[in-house]
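Undergrad: One structure coming up, written as structure tokens, with questions to follow.
The values are calculated or read from the model by the stated rules, or taken from the named source; none is laboratory data. Just so it is clear, the model here is predicted, and its values are computed rather than measured. Here the Cβ is made from the backbone with ideal geometry for all residues, glycine too, and neighbour counts use every protein chain on show. Quick note on the areas: whole protein, heavy atoms, side chains included, nothing else; ligands and nucleic acids left out. Shrake-Rupley method; radii C 1.70, N 1.55, O 1.52, S 1.80 Å.
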Amino acid sequence: MLRYMVEIWEAKSKKEKADELPVIVPLVVYHGKDRWKIGTTLGETITGYKNLPEAIKKLVPNYKYLLYDLSQYTDDEIKGEAQLRILFTTLRDIVTKDSKGLQDSIFRAISYLRELDNKQTGIEYFETLMRYIFNARADLTRVV
């Protein structure tokens with residue numbers, strides 16, 4: 001994550017010749033099969049960080065990042081616009097559900113798409129969703 005932050009700052013300073021760096025709030029959206037097991041600060045991943053003297057800790061980056069572990073959220077807990085609910089439930093279900101569970105998730109996504117005012121956008125979003133699912137899950141096959 002630190003590398004991504006540095007890349008954003010480098011791009012900002014090179015492209016815009018900015019003297020100041022923008023604020024970046026680090027955020028991890030996790031959608032793995034298992035629960036997130038890594039701490040939520042950079043220091044927790046640095047060997048021996050917690051044993052360093054305070055004077056040294058002040059010199060070592062140790063930011064905290066926000067973590068959203070999608071595997072912990074139920075359908076009812078995932079709120080927001082239709083596109084966001086589709087994205088988060090699909091990311092969660094793509095690795096945690098069997099084929100039947102994923103099929104149920106796809107039907108749920110279709111019901112969310114009905115909430116969109118622009119039907120063309122909904123169709124495009126659905127096409128993108130299906131491409132993602134078929135590319136992410138090798139165990140799914142198309143019936144022709």
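Undergrad: Among (1) under 15 Å from the mean Cα position of the chain (by Cα); (2) over 29 Å from Ala136 (Cβ atoms), which single condition is Thr90 missing?
TA: (2)
Undergrad: Return a yes/no flag: does the range 18-29 have any residue that is outside any loop (DSSP other than H, G, I, E, B) and either among the polar types (S, T, N, Q) or free of Cβ contacts under 8 Å to residues at least 24 places away in the same chain (or both).
TA: no
Undergrad: In the range 36-57, what count of residues is obtained for those that are closer than 30 Å to Tyr73 by Cα, loosely packed, with under 12 Cβ neighbours inside 10 Å and either over 18 Å from the mean Cα position of the chain (by Cα) or among the hydrophobic types (A, V, I, L, M, F, W, C) (or both)?
TA: 1
Undergrad: I'd like the residue in the range 14-35 that is modelled with pLDDT of 90 or more and either of a type in the set (S, T, N, Q) or surrounded by 14 or more Cβ atoms within 10 Å (Cβ to Cβ) (or both) and, out of all such residues, is farthest from Thr89 (Cα to Cα).
TA: Looking at residues that are modelled with pLDDT of 90 or more and either of a type in the set (S, T, N, Q) or surrounded by 14 or more Cβ atoms within 10 Å (Cβ to Cβ) (or both), I get Ile24.
Rundown of residues vs (1) in a helix (DSSP H, G or I); (2) open to solvent by 50 Å² or more (accessible area, probe 1.4 Å); (3) aromatic (Phe, Trp, Tyr), yes/no style:
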position	(1), (2), (3)
Leu67	no, yes, no
Glu77	no, yes, no
Gly80	no, no, no
Leu84	yes, yes, no
Leu91	yes, no, no
Lys100	yes, yes, no
Asp104	yes, yes, no
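Undergrad: While we're on this one: Between a residue in the range 132-144 that is over 16 Å from Phe88 (Cα atoms) and surrounded by 10 or more Cβ atoms within 10 Å (Cβ to Cβ) and any residue that is at pLDDT below 85 and aromatic (Phe, Trp, Tyr), which pairs come within a Cβ distance under 9 Å, given they are 6 or more apart or on different chains?
TA: Final answer for the pair search is Leu140/Phe134.
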